[in-house]
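The values are calculated or read from the model by the stated rules, or taken from the named source; none is laboratory data. Everything numeric here is computed off the predicted structure, so don't read it as measured data. Positions of Cβ are backbone-derived with ideal geometry, glycine not excepted, and every protein chain shown enters the neighbour counts. For the accessible areas, the whole protein counts, side chains as well, though only heavy atoms, and no ligand, DNA or RNA atoms are used. Shrake-Rupley method; radii C 1.70, N 1.55, O 1.52, S 1.80 Å.
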Amino acid sequence: MLEAMAKADVGDDVYGEDPTVNRLQEKCAALFGKEAALFVVSGSMGNLVSLLSHCQRGDEIIVGKCNHIFQWEQGGAASLGGIHTQTIDNAKDGMLPLDQIEAAIRFDDQHCPVSRLVCLENTQDGRVLSVEYMNSVGALCRKNNLLMHVDGARIFNAATALNIDVKILVDAADSLQMCFSKGLSAPVGSIVTGSKDFIKKAHRARKLVGGGMRQAGVLAAACIVALDTMVERLHEDHENARLLADGLKNICEIDVEPVHSNMVFFKLKTGDVSALSKTLKENGLLANTIDRYRMRMVTHYGIEKKDVERAIDIINKALRHTAKV
Ligand SMILES: *Cc1c(COP(=O)(O)O)cnc(C)c1O
């Protein structure tokens, strides 16, 4: 990736003149089966410019309570776009139940905001939404004159787990955001895809939020390498996540959640994970605490079977240690 970055042909992308950015955008549009694509700095920016492009002030989006757009993006749609949000509880499998999406759609009534967009996330906390489900939400949206946005930060993990072409998985989406900087291991960048009209609006919105980049080809070059080399190895991360989960299941203090892609969530039967998290860190193992009771571990490029075995060993020892103190 570093070599590709150093050798990248560049131009001024604010004027659409960076050949490497243009190549990445064309490649992504084709990969996802959409008319056009736009390179952005981050997943959050990709989601934000998508929402700003689909919605006017006073419009409403329907989104899962656990979804990144609602939880982890500072409510940017509201603070910067005047966009209202209606949340639905994610079901155990990460999906938003169809009947609840339907119930959340507003009537044409002067008291209400205007329903505009349904946002799905795939994978959602590592859980995979099926193509049948994505298509049925798409059909529901079309029936009700709504648009559908997919936060596909990890859409290639979903396509890998389902063993289908990503284009088929996102066919129903009016727009999609995908991150190069997660499982695909690039240092920076996300892509937004959709129709030509939508991308034209997203391009304006990107400038508005300060996302116009100049010689961004150095970044896009790494993203092209990510697409060419990192997608095909994602199944290794899924295998390692299962291996990790299987190892953790043998530790009696731990409750492990089912694994669907590259994420492993677990709880301690005794409750609080903060002491464990601290001990793991001291022993060179970094794992996110999602809240007081739940931890998340993610497998990725550079983490191999032997590292997973070492992680299980460190957790096992840490639990013996915290039990003693
Ligand atoms: C990481 C992530 C984002 C945001 O991406 P950033 O590049 O960190 O802004 C959005 N949605 C999901 C599902 C993510 O995992």
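Listed by first and then second residue, the pairs with beta-carbon distance under 9 Å, at least 6 apart or on different chains, first residue in segment 1-30 and over 14 Å from Ile224 (Cβ atoms), second of a type in the set (Asp, Glu) and at pLDDT 95 or above, are Gly11/Glu17; Gly11/Asp18; Asp12/Asp18. Counting only helices (runs of 4 or more DSSP H) that sit completely within segment 70-158, those holding 1 or more residues that are in contact (Cβ under 8 Å) with a residue 40 or more places away in the chain and open to solvent by less than 50 Å² (accessible area, probe 1.4 Å) correspond to 98-104, 131-143.
Taken over segment 204-232, the criterion of being touching a residue at least 60 places away in the same chain (Cβ under 8 Å), open to solvent by 50 Å² or more (accessible area, probe 1.4 Å) and closer than 21 Å to Ala8 by Cβ is satisfied by Arg214, Gln215, Val218.
Across segment 150-184, the qualifying residues are those that are in contact with a His (Cβ under 7 Å, 6 or more places away or on another chain) and either of a type outside the set (A, V, I, L, M) or at pLDDT below 95 (or both), and the one among them that is farthest from the ligand (Cβ to nearest atom) is Asp174. Evaluation of Met45 against the conditions (1) within 11 Å of the ligand (Cβ to nearest atom); (2) open to solvent by 60 Å² or more (accessible area, probe 1.4 Å); (3) touching a residue at least 40 places away in the same chain (Cβ under 8 Å) shows that the sole unmet condition is (2).
Among the residues of segment 189-203, what is the count of those that are of a type in the set (Val, Ile, Thr) and either free of Cβ contacts under 8 Å to residues at least 12 places away in the same chain or more than 16 Å from the ligand (Cβ to nearest atom) (or both)?
Of the residues in segment 189-203, the ones of a type in the set (Val, Ile, Thr) are 191-193, 199.
Narrowing the set further to residues that are either free of Cβ contacts under 8 Å to residues at least 12 places away in the same chain or more than 16 Å from the ligand (Cβ to nearest atom) (or both) leaves 199.
Number of matching residues: 1.
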